[in-house]
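Take this structure, written in C-alpha cells, and hold onto it; I'll ask about it next.
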Amino acid sequence: MRITHLTLASALLLIPGLAAAQVQPSATGQATGTVDVGGTFTTTDGDEARYERYRDTRDGAYTSLSLNRETGSYLFNASASHIGYRDQRYGVEYSRPRLDFGFNWVSVPLNYSYLTRTPYATNGATLTLPDSAQAAVQGPTNAANDGTAVGVPCAPGAPPATCNTPATVAQAKTNRSIYNTLADPFDLRHTRHTALFGVNYAATSAVDLDVKFVSSMRDGQQPWNASFAFNNAVELPQPIDQRTNDVAIGASWTNPKGMVRVGWDGSWFNNSNQVLVWDNPIRLTDFTNGSTVFNCPSTGASGPWDCNGYSNGNGPGQGREALAPSNMMSVVSAVAMYKVATRTTLNGTLQFTNQRQDEALIPWTINSVIDQPATFTNFPQLAALPRSTADAEAQGVNALINLSTRPTRRTNVTVRYRYNRRDVQTPIFDATEYVRFDAVPEEIEEGVSPQFDNSRHLFDANVSFTTNGWGTVRAGYGREDIERHGRGFADVGENIFRLSYDAYSNQFFTVRGSVDVGRRRGTGFVETGIDYESGPGGTQPTLRYYDEADRDRTRGSVMVTVMPAETVDVFFQFAGGRDKYRPDTSVPVDRPGELFGLHRQAVTSYNLGANFHPNEMVSLGANYGRDTFSSLQRSRNANPPPDPQWTDPSRDWTLDNDDTVNNFGLYLDLTRPLRNTDIRVAYDYSDSDNSFVHGGPRIAALTAANQFIPLPDVENTWHRATADVSYFITARVGVGVGYYFEKLDVIDFNTIDTDGPVGFAPATGDPRLDWLGGLTLGYGNRPYSGHTGFVRVLYRF
C-alpha cells in the first residue's frame, strides 16, 4: 500500500498563500504581515491515530501568523503556525548585506494508535508486570516442576501437550489472559522537536563563514517486539528519550574561476534509555528446577537450565536487551570547484569521517540461575565479558570527483568517480560462549564478531548530443565495485549501460525515454562451516542476500506530452524495471548458485493525465495511475546439519508476492469566479491488493496433510477530498471555510480485533492484546474515516 499523506497545515494555508501573493513588501520599510485565525473541528470514526499520523487535528483554535519588514538595509520575516499543538512551527529570518540569520522550530508527531492497551508499568526503561499475575501464570506446571505444560495427551504415549482439536482451539480463542483485565489504555505516540539555528557572515567579498546548529529530540513511546524464544510473543511500548545535536562550521572562498569550502561537522547522539528490561509474562522467577534430566548435547553439560529454550518458555523471569547507544561522529570535509576552460568545469568533495561510542556492555544474561559460579565451571568465558565497554570506532573516507565539459555547442560530456571506504577499528569481541534466549549457555563455532569493513568504487560517464531540432540523445556507462567483509561475497561488481532520448523540437509534442541495463556478479565467496554444509552465519550455502547476489537488471521509462493548444496538455508516463537473480548451478562447488533468497522482482508504473486552463479564472485536471509490484523468493524449512533435512529439496517452499495499486486524482481551481472569491476542490483515490501465494513441495505436503492455511490478500482503499472557499470582504479582511476528508478501508490478516472474524479482521473494534498466548499492544492496520472543517478570518496589514 502506498499512501501520500498531506499534512493538514498545507490544506489549511490556502488563504495565507493568496494573501502573500497580493501583499508586496512596503517600499518605505513599513512592516507587513497576516493574522490568520479561526477554529478547527474534527470528527473521526475508527483509527483516529492513523487519520492524524503526522499531524494534530484536535478541535480548537487554528493560528497562522506572519510578520515581514524590508528596508534598504535589512529584511526580516517571522512566522508561527498551529501554536500550542503537537505539529506547531515557528520561523525567523533576518538578512543584512553581509549577514544572514535563520531560526526554525518544527514539531512533528508520529501517532501509532489510540486503541492500544498494556498491563506493563513503566519506570524509565524498565517495564514491570504485577508479580501476582506472573505467579498465577507460572503456577500450572507438572509435578516434576520441570516447566512442562499441563495438558491431555493427544494420543496414547505422546508427551504432555494440549490437543490441537477444533474444540480446544476454539476454547483457546475464547479464553482471555489474566493480563486482559490488568491492561490500561494509552495513546501510543512519540514527537520529534527540531530546532535549527544558522548564521552566514560575508567576511569579505570573497570569503564567507557559516555556522549551523541543529538539535532534535524524540520523546514518547513506540511499539517494540520483546519476545522470549519463539512461543512467548511479547509486544510493549518502548520508552523513547533521545536527543541529537549537530554542529557544522565552514568557510568558503570564491572567485570567478572557482570556489573552495572547508568545514567540520560534528554529531552527538544521546539516548537516555540504553538498556531495556521487561518482565516475562509467563514466569515470575528464573528457571530453577535443578534437574539433571535435561542433558544438552550441544553444551556437554546438564541442568539446572532447560536446553530447549527455543519453545517452552523455561528461562528468565525478565528479559534485557541493549538499545541504541549514545555515540558521536566527526567529519572534516573540503569541497572545490574550478572552471578549467569556458566550457569545462571540475569539482569534487573529500571527507574524513570518524565514528565512535564506548558505552557499557550488558552482561551475558539476566538469568540469575545461569549467572553463577556453578555454570562457569563448564563455561569459564561467561564469568566475565571480554571487555566492559564497546570500545567501538570506525573511520571512513569519502571522495567524489565530477568533470563536465562541452567540446562543441551540441555535445556534452560528464564523468564522475566516487570512492567510499569504511574501516572498523573496534576490537574483535569473542562470543564463542554465550547464552541463548537468556535460557541456555552454549558454545558456537566462530562466535567472534566480524568487523564489516567495506569499500565502494563508482565510475560513471555520460555523453549527450543535441541534434538540429530533433532532441537530445544520451549514452552512458557505469561501473560499481563493492568489497564487503563479513558478508557472503567479498567482492561484488556491476556494469551499467544507459541510453536516453529527449525531444524538445516541437511545441506541441514532447517525448522523453530512457533505458539502462545492469549486470552484477560477485566473486570471492566466503564460506563458513565444514564441507560447505552451511553458509555464512549457519545459512544455506546457496542463500544470497538481494544486495550482493548475481543480478541482471533492466529498467526503462518513457514520457509523452501532447499540447494541442496553449490551454491544454495531455501526458502519458511509463516506467518499469525487472531484476533477475540468477540461480546458476553449473559453477564449481566453491561458488554454488543462488538457489535461496530473492529470485526475481518487477515493478511497472503507468500514469495518464490531462490539465485544462481555458482562462485565468479556471484550472482543472485529472490523472490516473496503475502500479504493479511482484517478487518471487525461495527458501527451505529444514534443521541444520547433520539432520538430512538440510539437503532435502522436498522441504523447499516459495513465496510469490504481488501488489497492484490504482491511483486517481482530480482538482478544480476557480480564481475569482465571483467577486473577491476563490474556490478550490480536490479529490484523490487509491486502492491496493497485495497477495501472498506460497508454493513448492513443502507447501504441497502441508496442504495435503491439511496443515497449511494460505494467507489472504491484504486490501485497502483510500479516499481524500479537500475543499476551500475564501472571500475577501475588503482589501485587508477576508474569511474562509474549508473541509478536509480522509477515509481508509483495510483488510489485514495481521490485525486482531475482538469483534472481527477469527484471524482476519475488518478491524473496526477494540484490539485483542492476548491472542493465542501472546501479549501485544493491539497495534495494527485499522480503517478510519475523518472529517475536519475549519472557519477562519484573515487580516493583512
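The values are calculated or read from the model by the stated rules, or taken from the named source; none is laboratory data. Everything quoted here is computed from the prediction, not taken from an experiment. Don't worry about glycine lacking a Cβ; one is built from the backbone with ideal geometry, like all the others, and counts go over all protein chains shown. The protein model used for the area step is the full one, side chains on, heavy atoms only, and it has no ligands, DNA or RNA in it. Shrake-Rupley method; radii C 1.70, N 1.55, O 1.52, S 1.80 Å.
Got a number for residues in the stretch 606-653 being outside any strand (DSSP E or B) and touching a Phe, Trp or Tyr at 6+ places or on another chain (Cβ under 9 Å)?
Counting residues in the stretch 606-653 that are outside any strand (DSSP E or B) and touching a Phe, Trp or Tyr at 6+ places or on another chain (Cβ under 9 Å) gives 4.
Could you say whether any residue in the stretch 63-78 is within 30 Å of I240 (Cβ to Cβ), at pLDDT below 95 and surrounded by 15 or more Cβ atoms within 10 Å (Cβ to Cβ)?
yes
Would you confirm whether or not the stretch 662-680 contains a residue that is part of a loop (DSSP other than H, G, I, E, B), open to solvent by less than 70 Å² (accessible area, probe 1.4 Å) and within 30 Å of R732 (Cβ to Cβ)?
Yes, there is a match, as at least one residue in the stretch 662-680 is part of a loop (DSSP other than H, G, I, E, B), open to solvent by less than 70 Å² (accessible area, probe 1.4 Å) and within 30 Å of R732 (Cβ to Cβ).
State which residue is nearest to V234 (Cα to Cα) when the search covers only the stretch 67-123 and only residues that are among the acidic types (D, E) and more than 31 Å from the chain's Cα centre (by Cα).
Result: E93.
Considering each residue of the stretch 377-409, count those that are part of a loop (DSSP other than H, G, I, E, B) and either in contact (Cβ under 8 Å) with a residue 60 or more places away in the chain or aromatic (F, W, Y) (or both), and give that number.
Total satisfying the criteria: 2.
If you check S388 against the conditions, is it polar (S, T, N, Q), in contact with a strand residue (DSSP E or B) (Cβ under 7 Å, 6 or more places away or on another chain) and within 27 Å of V260 (Cβ to Cβ)?
Taking the combined requirement at face value, the residue does not satisfy it.
Moving on. Please determine, by comparing only the residues of the stretch 734-790 that are farther than 24 Å from D279 by Cα, part of a loop (DSSP other than H, G, I, E, B) and open to solvent by less than 10 Å² (accessible area, probe 1.4 Å), which one is modelled with the highest pLDDT.
Checked the stretch 734-790; the qualifying residue modelled with the highest pLDDT is R782.
In the stretch 90-111, how many residues are assigned to a loop (DSSP other than H, G, I, E, B) and open to solvent by less than 70 Å² (accessible area, probe 1.4 Å)?
Result for the stretch 90-111: 0.
Among (1) open to solvent by less than 30 Å² (accessible area, probe 1.4 Å); (2) at pLDDT 95 or above; (3) touching an Asp or Glu at 6+ places or on another chain (Cβ under 7 Å), there is one condition G147 misses while meeting the rest; what is its number?
(2)
What about D87, is it touching a residue at least 24 places away in the same chain (Cβ under 8 Å), touching a strand residue (DSSP E or B) at 6+ places or on another chain (Cβ under 8 Å) and open to solvent by less than 50 Å² (accessible area, probe 1.4 Å)?
Considered against the rule, which asks whether it is touching a residue at least 24 places away in the same chain (Cβ under 8 Å), touching a strand residue (DSSP E or B) at 6+ places or on another chain (Cβ under 8 Å) and open to solvent by less than 50 Å² (accessible area, probe 1.4 Å), D87 comes out as yes.
Here is a further query. Considering each residue of the stretch 112-135, count those that are assigned to a strand (DSSP E or B) and either of a type outside the set (F, W, Y) or over 29 Å from D47 (Cβ atoms) (or both), and give that number.
Total meeting the criteria: 9.
Follow-up. Select from the stretch 224-255 the residues that are without any contact (Cβ under 8 Å) to a residue 40 or more places away in the chain and either assigned to a loop (DSSP other than H, G, I, E, B) or open to solvent by less than 20 Å² (accessible area, probe 1.4 Å) (or both) and list them in ascending order.
Scanning the stretch 224-255 gives S227, A248.
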